[in-house]
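What follows is a set of notes on a single structure, which appears directly below.
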Amino acid sequence: MKTALITGITGQDGSYMAELLLSKGYRVVGMVRRTSLEKFERIEHVRERIDLVQGDLTDQSSLDEAVKNSMPDEVYNFAAQSFVPTSWNQPALTGDVTGLAVSRMLEALRKYRADARFYQASSSEMFGKVMETPQRESTPFYPRSPYGVAKVYGHYITVNYRESYGMYACSGILFNHESPRRGIEFVTRKVTDAVARIRAGKLDRLKMGNLDAQRDWGFAGDYMEAIWLMMQGAEPRDYVIATGHTHTVKDLVDRAFTAAGLDWQKYVETDPKMIRPAEVDLLRGDPSKAKAELGWTPKVQFPELVEMMVRADLERHGVTA
Ligand code: NAP
Ligand code: F7E
């Protein structure tokens, strides 16, 4: 039986990856940080089938212990400060947790389990002010936020440990992926949750930022399959994981409101305070390397994804579609 250590198991991706690995017969160990109130909603349904270890990405000794005690065959490093606007408010913390901490994880592995396979959660935010469209593995990076800059560090330090020490260390450059478990501050969930609250009579206005931004949105569950395949290769390689299609935030808003029988123009207003200091205007990934080498293609398309999220939020708020 293989053992996997997942950092960020309480997050969106960690919870889907835990499910996937359990379904494949892995022993799953999740790293969680100490909080005054437990936040295990996303893993409640698998809680009895996984082991939890305490650790924090800012604390080397806790990472060492997590690795020593779990002796993983595979490590999925999902933990990060992952919200882009927060990265302007907390740039040093983001640099530490999202960037430098990747070195700490790699060092823990190098010391105690150098033959374990390591996955780093790289991001399309590294492409930022894009140098070409669609973005592929060879597209130069031009990050536009402290978050993007930190992810570039995490990406290259992973490449560096692969090349310096021969470790099986790889990165997935994942484009935005969403689900009913997406954090409430990210644009997709913010919109689908607002739609449900409007239908439940709990909200009458929705303030948004830049409606013209374009993103390549996929389903988190599909993307975890790609990551797992990446970790089973003959040699470690980095891959762009995306759908290859792009939509504006306005399109997302329109679809989500329409799915609940609402006209978005009656509820949505833009708030200049929500415009970011620097924006990533357009992301569209080219997943052809993942298709050719991993045999991976996304199953859920954008319209189904939005409908799935609206349906889940309507249910959460007790509204029948
Ligand atoms: P998420 O829902 O925000 O989850 C982040 C996880 O990191 C949570 O479990 C959080 O724990 C944990 N964490 C934060 N700070 C920590 C610290 N100091 N020590 C230990 N754990 C800490 O993020 P996600 O959407 O699942 O994304 C997973 C990873 O993929 C992240 O690295 C993200 O940057 C990257 N990524 C995401 C996307 C996307 O579209 N979702 C795309 C590309 C890359 P708590 O629950 O305790 O806060
Ligand atoms: O914004 C625009 C906003 O916060 C998407 C993270 O998972 O994906 C995510 O980063 C777009 C941006 O995600 C609102 O300006 C308009 O252009 O959902 P988001 P993100 O910044 O793309 C990448 C790949 C990651 O790696 C990150 O970890 O939507 N937008 N109005 C808004 N965004 C938010 N959050 N709220 C608004 O009201």
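The values are calculated or read from the model by the stated rules, or taken from the named source; none is laboratory data. Since we're looking at a predicted model, the values are computed, not measured. Note that we place each Cβ from the backbone using ideal geometry, even for glycine, and neighbour counts take in every protein chain shown. Each accessible area value is taken on the protein alone, full model and side chains, heavy atoms only, with ligands, DNA and RNA left out. Shrake-Rupley method; radii C 1.70, N 1.55, O 1.52, S 1.80 Å.
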**Amide proton proximity set for THR270, modelled H, under 5 Å, gap of 5+** = MET208
**Message:** If the only charges are +1 at each Lys and Arg Cβ and -1 at each Asp and Glu Cβ, what is the size of the charge dipole of the chain around the Cα centre, to the nearest 20 debye?
**Reply:** 300 debye
**Message:** Tell me the per residue accessible area of the chain using a 1.4 Å probe; a whole number in Å² is fine.
**Reply:** 44 Å²
**Request:** With all protein chains present, calculate the accessible area of THR297 using a 1.4 Å probe and round the result to the nearest 10 Å².
**Result:** 70 Å²
**Two-decimal Rg to Rh for the chain - Kirkwood Rh, Cα set** = 0.96
**For ARG33, distant residues with modelled amide H under 5 Å away** = GLY55
**Request:** Would you please name the trypsin sites (Lys or Arg not before Pro) within the stretch 1-38 that are DSSP coil residues with at most 15 other C-beta atoms within 10 Å of their C-beta?
**Result:** LYS2, LYS24, ARG34
**Request:** Working from Cα positions, state the angle (0 to 90°, nearest 10) between the long axis of helix 12-23 and the longest principal axis of the chain.
**Result:** 60 degrees
**Message:** Given the options SER23, ALA234, ALA194, identify the residue whose Cα lies farthest towards the positive end of the charge dipole of the chain (+1 on Cβ of Lys, Arg; -1 on Cβ of Asp, Glu).
**Reply:** ALA194
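Take the Cα radius of gyration of the stretch 1-125 and divide it by 2.2 N^0.38 Å, with N its residue count; two decimals is plenty. Show your work: numbers first, answer last.
Numbers: Rg = 13.9 Å, N = 125, 2.2 N^0.38 = 13.8 Å.
Relative to the 2.2 N^0.38 Å estimate, the stretch 1-125 comes out at 1.01.
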**Request:** Mind checking which aspartates and glutamates have their Cα closer than 18 Å to the Cα of LYS24? Skip sequence neighbours fewer than 8 apart in that chain.
**Result:** ASP13, GLU48, ASP51, ASP73, GLU74, ASP222, GLU225
**Message:** Only Cα pairs within less than 10 Å get springs; with that Gaussian network setup on the chain, which residue of ILE173, ILE227, ILE184 has the largest fluctuation?
**Reply:** ILE184
**Message:** Within the stretch 66-202, what whole-number % of the accessible surface is contributed by carbon and sulfur, with the 1.4 Å probe and all protein chains included in the calculation?
**Reply:** 50 percent
**Sequence-distant lysines (8 or more away, or on other chains) whose Cα lies within less than 23 Å of LYS266** = LYS190, LYS202, LYS207, LYS250
**Request:** Quick one: which residues, 5+ away or cross-chain, put their amide H under 5 Å from the amide H of GLY285? H built at 1.01 Å from N.
**Result:** GLN135, THR243, GLY244, HIS245
**Prompt:** How large, in percent, is the carbon and sulfur part of the accessible surface of the stretch 213-301 at a probe radius of 1.4 Å?
**Reply:** 48 percent
**Message:** Between GLU41 and LYS299, how high is the FRET efficiency from 1/(1 + (r/R0)^6) when r is the Cβ-Cβ distance and R₀ = 25 Å? Nearest 0.05.
**Reply:** 0.50
**Prompt:** Counting other Cβ atoms within 10 Å, which trypsin sites (Lys or Arg not before Pro) in the stretch 216-321 have at most 16 and lie in a DSSP loop?
**Reply:** ARG237, LYS299
**For the stretch 185-201, Karplus couplings with θ = phi - 60° (6.51, -1.76, 1.60), whole Hz, Gly/Pro x** = 8, 6, 4, 5, 5, 4, 6, 5, 5, 5, 4, 5, 5, 5, 5, 7, x
**Item:** GNM result for the chain, Cα springs below 10 Å: residue of ASP216, ASP73, ASP204 fluctuating most strongly
**Value:** ASP204
**Message:** Taking the 0 to 90 degree range and rounding to the nearest ten, how far is the long axis of helix 146-165 tilted relative to the main principal axis of the chain, both from C-alpha atoms?
**Reply:** 30 degrees
**Message:** Could you tell me the relative contact order of the chain? Use alpha-carbon pairs under 8 Å, at least six residues apart, and round to a whole percent.
**Reply:** 17 percent
**Asked** What size of dipole, in debye to the nearest 20, comes out for the stretch 164-243 about its Cα centre when the only charges are +1 on Lys and Arg C-beta atoms and -1 on Asp and Glu C-beta atoms?
**Response** 600 debye
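Could you work out the helix-only [θ] at 222 nm for the chain, with each DSSP H run of four or more residues adding -39,500 (n - 2.57) and the total divided by the number of residues, to the nearest 500 deg cm²/dmol?
Working: 11 runs with 122 residues, N = 321.
The helix contribution divided over the chain gives -11500 deg cm²/dmol.
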**Request:** May I ask you to derive the FRET efficiency for GLU137 and THR58 from their Cβ-Cβ distance with R0 = 35 Å, giving the value to the nearest 0.05?
**Result:** 0.70
